[in-house]
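Visitor: Once you've had a glance at the structure underneath, I'll fire off some questions.
The values are calculated or read from the model by the stated rules, or taken from the named source; none is laboratory data. Being a predicted model, the structure only gives us computed values, none of them experimental. Cβ atoms come from the backbone with ideal geometry, glycine included; neighbour counts cover every protein chain shown. For accessibility, only protein heavy atoms count, side chains too; no ligands or nucleic acids. Shrake-Rupley method; radii C 1.70, N 1.55, O 1.52, S 1.80 Å.
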Amino acid sequence: MDISQRAPKPPQRPLATTIHDRGTRRRQQPNKPSTPKASDALPLPLYLTNAVFFTLFFSVAYYLLHRWRDKIRNSTPLHLVTLPEIAAIVSLIASFIYLLGFFGIDFVQSFISRASHDAWDLDNHHNFLIDDEQDPRRTPPQQPQPAPHHPEPLISTLSSEEDEEIVKSVLVGKIASHSLESQLGDCKRAASIRREAMQRITGRSVQGLPLEGFDYASILGQCCEMPIGYVQIPVGIAGPLLLDGFEYSVPMATTEGCLVASTNRGCKAIHVSGGATSTLLRDGMTRAPVVRFASAKRASELKFFVEDPVNFDALSVVFNRSSRFARLQSIHCSLAGKNLYMRFTCSTGDAMGMNMVSKGVQNVLDFLQTDFPDMDVIGISGNFCSDKKPAAVNWIEGRGKSVVCEAIIKEEVVKKVLKTNVAALVELNMLKNLAGSAVAGALGGFNAHASNIVSAIFIATGQDPAQNIESSHCITMIEAINDGKDLHVSVTMPSIEVGTIGGGTQLASQSACLNLLGVKGASKESPGSNSRLLATIVAGAVLAGELSLMSAIAAGQLVRSHMKYNRSSRDVTKISS
């Protein structure tokens, strides 16, 4: 049986395809006439027409005002007008109407252009639909695409198929990422697997973030959770810093160019002038819980009880049970309605001591609960401590180690090493560090850049970088002595919070920097002496940094030195690869 086959219909093409082809065809056609503008109807160019009507408007306005003034002086009725005056009035009205329309030309043209454009789009869209039925062979429109992003390749650090299976289990949620160390028993392997899973989840490479060469077991449960690598920060050496008769090479971990060099210059100026001396004023870490009562009267009763010297001995015994190094020094209370804040201060040996003082405070709160059962403990910390925040209580009362460090810089050293003079430094310090900081409403910031040096030493020696906030409280004083020939410079820092044991101090790199300073670990002969010495070294380095930066500013060298040491023309991406 003869079966005639029907010719197949051409495949339907998407509407966007025909729109693109029609747009291409339209671009190949001659340009359509441009949209007419209102200014096209003017006999002269627009700028000439505007100039004529502006001149006409102000001229006839001046003429009419002048004529009306004469009529008023001569007692002539204003409604009696001459032919020139009638012409002037007509010209004034005409020019006013034109100028009123002129300011609205752009507004009107925008409506004209929009209306004509919309009508043209509708017409073309209708034609596109017709053309789509007639000629379906169209290509999709080429929408503007963003520049192609070529992500860095994901470089795997896995060493076995078993690790690959663990990564897949992490991705589907069968194994929690934070439990890899406990399940695998290998901290380095756990970091490698977590790193690979993170790359696959985010689709981003962490090439350049080192994985090898770090003891991940040393941070387990103490320094960092869920590691995937470590960050390299260069450590420079400033010094020798001659402080209290001893020389110290000060390690500074920083990525800011010129910082170590500047501090080193300050150390040199101090050294050739005979060195600096330091004095430890206080040594006490603080913690301030907040408790609440039903009434302010009841809260004040606890305040009087705690601050009573008769009760202090009993509270000290309870507090000191928390550690063989913790020794309660004082309790200062502050009342806010029915809420009581108790600021405990205690010595903590060579540890920075936050955990130590917190344990002692908890012991005291449990003890007070017997005599004050209605006491509601809201929090072990009520921010009256105050930790990792700028606070006047730290600036006034101190926290951690309170240190003052001073040096006398000879006139010839100021000129030859610091490249400035005594009078310029004294004036700059008064106007910048003192008056300028007061104008800014500074809280503990009466210095040039104490935070720079504190942060660099903190990172190098394993301190808590967040405590740089209160540890950088500093007032720098510079005075002329010996009939204005020599310079007395000092820094007073009331809340340097450092330790030589615990936290990040036990990591290999940070421990090496502490060993360089001779303050590694706890002092067996005199508990607490290592951390106190570290605090004075921090203050001495700040003194050197302040002296050098202030001299650079006074001599106009700041910008030039940063352009030399803090800018690089090298292609770092090529170097790292």
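Visitor: Sum up the charges of everything whose Cβ sits under 15 Å from the Cβ of LEU280, counting Lys and Arg as +1 and Asp and Glu as -1, but leave LEU280 out. Intermediate values should be presented prior to the final figure.
Guide: Values: positive: ARG282, ARG399, LYS401, ARG532; negative: ASP244, ASP283, ASP350, GLU406, GLU497.
Net of charged neighbours comes to -1.
Visitor: Could you give the length gained on full extension between ALA466 and ALA336, defined as 0.36 nm per residue of separation minus the Cα-Cα distance, in nm?
Guide: Roughly 44.0 nm would be gained on extension.
Visitor: Whenever you get a sec, compute what percent of the accessible area on segment 189-259 sits on carbon and sulfur atoms (1.4 Å probe).
Guide: 55 percent
Visitor: Roughly how much of ASP366 is accessible, in Å² to the nearest 10, using a 1.4 Å probe?
Guide: Accessible area of ASP366: about 90 Å².
Visitor: Could you sort out which of LYS359/LYS524; LYS410/LYS432; LYS432/LYS485; LYS188/LYS401 sit more than 29 Å apart by Cα distance in this structure? Working shown, then result.
Guide: Working: LYS359/LYS524 23 Å; LYS410/LYS432 22 Å; LYS432/LYS485 22 Å; LYS188/LYS401 37 Å.
Correct reply: LYS188/LYS401.
Visitor: When the solvent-accessible surface of protein heavy atoms is calculated with a 1.4 angstrom probe, in what order do ARG343, ARG327 fall, highest first?
Guide: My answer, sorted largest first, is ARG327, ARG343.
Visitor: Starting from the residue with the highest accessible area, list VAL491, VAL90, VAL439 in decreasing order, probe 1.4 Å. Let's see the in-between values first.
Guide: Working: VAL491 0, VAL90 90, VAL439 130 Å².
Result of the area sort, largest leading: VAL439, VAL90, VAL491.
Visitor: Still on this model: Given points 7 Å out from each Cα along the Cα-Cβ axis, report the GLU85 to ALA51 separation in nanometres with one decimal.
Guide: Here the answer is 3.3 nm between the modelled labels.
Visitor: OK, next. What whole-number value in Å² describes the accessible area per residue of segment 276-318 for a 1.4 Å probe?
Guide: 48 Å²
Visitor: Run the numbers for VAL318 and SER249: contour at 0.36 nm per residue of separation, minus the present Cα-Cα distance, in nm.
Guide: 20.7 nm
Visitor: Sketch the reach of a paramagnetic label on ASP374 as a point 7 Å from Cα along Cα-to-Cβ, and name the residues of segment 279-306 whose backbone nitrogen lies under 19 Å away.
Guide: 290-306
Visitor: How much solvent-accessible surface does ILE72 expose, in Å² to the nearest 10, with a 1.4 Å probe and all protein chains in place?
Guide: In the full protein context, ILE72 sits at about 120 Å².
Visitor: Which order do you get for LYS303, LYS297, LYS174, LYS359 if you rank them by accessible area with a 1.4 Å probe, largest at the top?
Guide: Correct descending sequence by accessible area is LYS174, LYS297, LYS359, LYS303.
Visitor: Pull up all non-local amide H partners of ILE475: gap of 5 or more, or a different chain, and H-to-H distance under 5 Å with H placed in the peptide plane.
Guide: Here the answer is THR492, since their amide H atoms fall under 5 Å of that of ILE475.
Visitor: If you don't mind, there's one more thing I want to ask. Counting only the heavy atoms of the protein chains, how much of ILE155 is accessible to a 1.4 Å probe, in Å² to the nearest 10?
Guide: ILE155 has an accessible surface of roughly 80 Å² with all protein chains in place.
Visitor: Name the shape class, rounded, prolate or oblate, that the alpha-carbon gyration tensor gives for segment 463-533, where a ≥ b ≥ c are the square roots of its eigenvalues, rounded holds for a/c under 1.5, and otherwise prolate holds if a/b is larger than b/c and oblate otherwise.
Guide: Verdict is prolate for segment 463-533.
Visitor: Rounded, prolate or oblate: which one fits segment 198-302, using the alpha carbon gyration tensor with axes a ≥ b ≥ c (rounded when a/c is under 1.5, else prolate when a/b beats b/c, else oblate)?
Guide: oblate
Visitor: Just order 220-232, 240-252, 179-191 by mean Cβ neighbour count inside 10 Å, highest at the front, would you?
Guide: Answer by packing, highest mean first, reads 240-252, 179-191, 220-232.
Visitor: Assuming R0 = 51 Å, can you tell me the calculated FRET efficiency for the pair THR279 and GLU161, based on Cβ-Cβ distance, to the nearest 0.05?
Guide: The value I calculate is 0.20.
Visitor: Shifting gears a bit: Grab the other residues whose beta carbon is less than 15 angstrom from that of GLY484, score K and R as +1, D and E as -1, and report the net.
Guide: Working: positive: LYS410, LYS415, LYS485; negative: GLU411, GLU412, GLU427, GLU479, ASP483, ASP486.
Taking every Cβ under 15 Å from that of GLY484, the sum is -3.
Visitor: I've got another one for you. Find how much the distance from ALA440 to LYS359 grows on full extension, using 0.36 nm per residue of separation minus their present alpha carbon separation; answer in nm with one decimal.
Guide: Computed gain between ALA440 and LYS359 is 25.3 nm.
Visitor: For the charge dipole of segment 181-320, defined by +1 on Lys and Arg C-beta atoms and -1 on Asp and Glu C-beta atoms about the Cα centroid, which residue among ASN311, VAL206, CYS187 has the Cα displaced farthest towards the positive pole?
Guide: VAL206
Visitor: Taking the Cβ of SER451 as the center, what net charge do the other residues with Cβ under 13 Å away carry, scoring Lys and Arg +1 and Asp and Glu -1? It would help to have the intermediate numbers written out before the result.
Guide: Numbers: positive: none; negative: GLU256, GLU470, GLU546.
Computed value for this residue: -3.
Visitor: Can I ask one more? Would you mind getting the Kirkwood hydrodynamic radius of segment 429-484 from its Cα pairs, rounded to one decimal in Å?
Guide: Kirkwood hydrodynamic radius for segment 429-484: 12.5 Å.
Visitor: Label 7 Å along Cα→Cβ of ALA294; segment 367-382 residues with amide nitrogen under 20 Å?
Guide: Only 368-378 pass the distance filter.
Visitor: I want to check the label-to-label distance for ASP186 and GLU479. Put each point 7 Å from Cα in the C-beta direction and report it in nm to one decimal.
Guide: Result: 6.5 nm between the two label points.
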